[in-house]
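Below you'll find the structure, written out as structure tokens, and then a few comments.
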Amino acid sequence: MDLILLRHGKAEASSPQGDAARALVDKGREQARRAGRLLKAAGLAPDIVLTSPLLRAVQTAEEFCQAAGIPGPVVQGWLAGGCEAETALVELTAFQDFKRLAIVGHQPDLSRLIQSCLGAHGSAIDIKKGALACLRISLPSRCGTLVYLIPPKLSGE
């Protein structure tokens, strides 16, 4: 499986309703659309998109899906901030029949998932807002290969 990781786009610094209600700003919406257009143009759009329930992630996933021309995202509670790599890999086994799957989430969760699959430690991987990464993994194996890591500046920002 190709596991595509997309960090949510740039969001408001705060919200009166709390962290979970922080919405994307215009730049964040454009980051998500660029990522979707990039993967669509490359013929690498995912078969399914899973997203954190936090507003900024849901909005990122929706913009991404629309730009990529694929069905909308599926909200997954386990993708909310604080998801451990092992938990994510266990949850992803339910989706192992998909050839290409994307998750939209948060830092440091995404970096930790990549580091865990690559056997890296510390802060070896840093995923910027709006960045795309792809791991090739064969679940239930916990090992993977980094296929690409595209910072938002390279996707047309």
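We did not get these values from a lab; they are worked out from the coordinates using the rules stated. All of these numbers come straight from a predicted model, not from anything done at the bench. Counting neighbours? That spans all protein chains shown, and the Cβs are built from the backbone with ideal geometry, glycine included.
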Report task. Enumerate the pairs (first residue in the range 64-80 and closer than 12 Å to residue 47 by Cβ; second residue anywhere and surrounded by fewer than 22 Cβ atoms within 10 Å (Cβ to Cβ) and of a type in the set (D, E, K, R)) with beta-carbon separation below 6 Å, excluding pairs fewer than 6 apart on the same chain, so at least 6 apart or on different chains. Result -> 68/40
Requested in this report: Answer yes or no: is there a residue in the range 25-42 that is out of contact with any Cys (no Cβ under 6 Å at 6 or more places or on another chain), surrounded by fewer than 20 Cβ atoms within 10 Å (Cβ to Cβ), assigned to a helix (DSSP H, G or I) and among the hydrophobic types (A, V, I, L, M, F, W, C).
Outcome: yes
Report summary line: When restricted to 57, 13, the only residue over 24 Å from residue 145 (Cβ atoms), assigned to a loop (DSSP other than H, G, I, E, B) and not hydroxyl-bearing (Ser, Thr, Tyr) is 13
Report summary line: The residue that is surrounded by the fewest Cβ atoms within 10 Å (Cβ to Cβ), considering only those in the range 54-82 that are closer than 19 Å to residue 107 by Cβ and touching a helix residue (DSSP H, G or I) at 6+ places or on another chain (Cβ under 6 Å), is 78
Query raised in the report: Taking residue 113 and the conditions (1) surrounded by fewer than 17 Cβ atoms within 10 Å (Cβ to Cβ); (2) within 15 Å of the chain's Cα centre (by Cα), which numbered condition does it fall short on, given that it satisfies the others?
Result: (1)
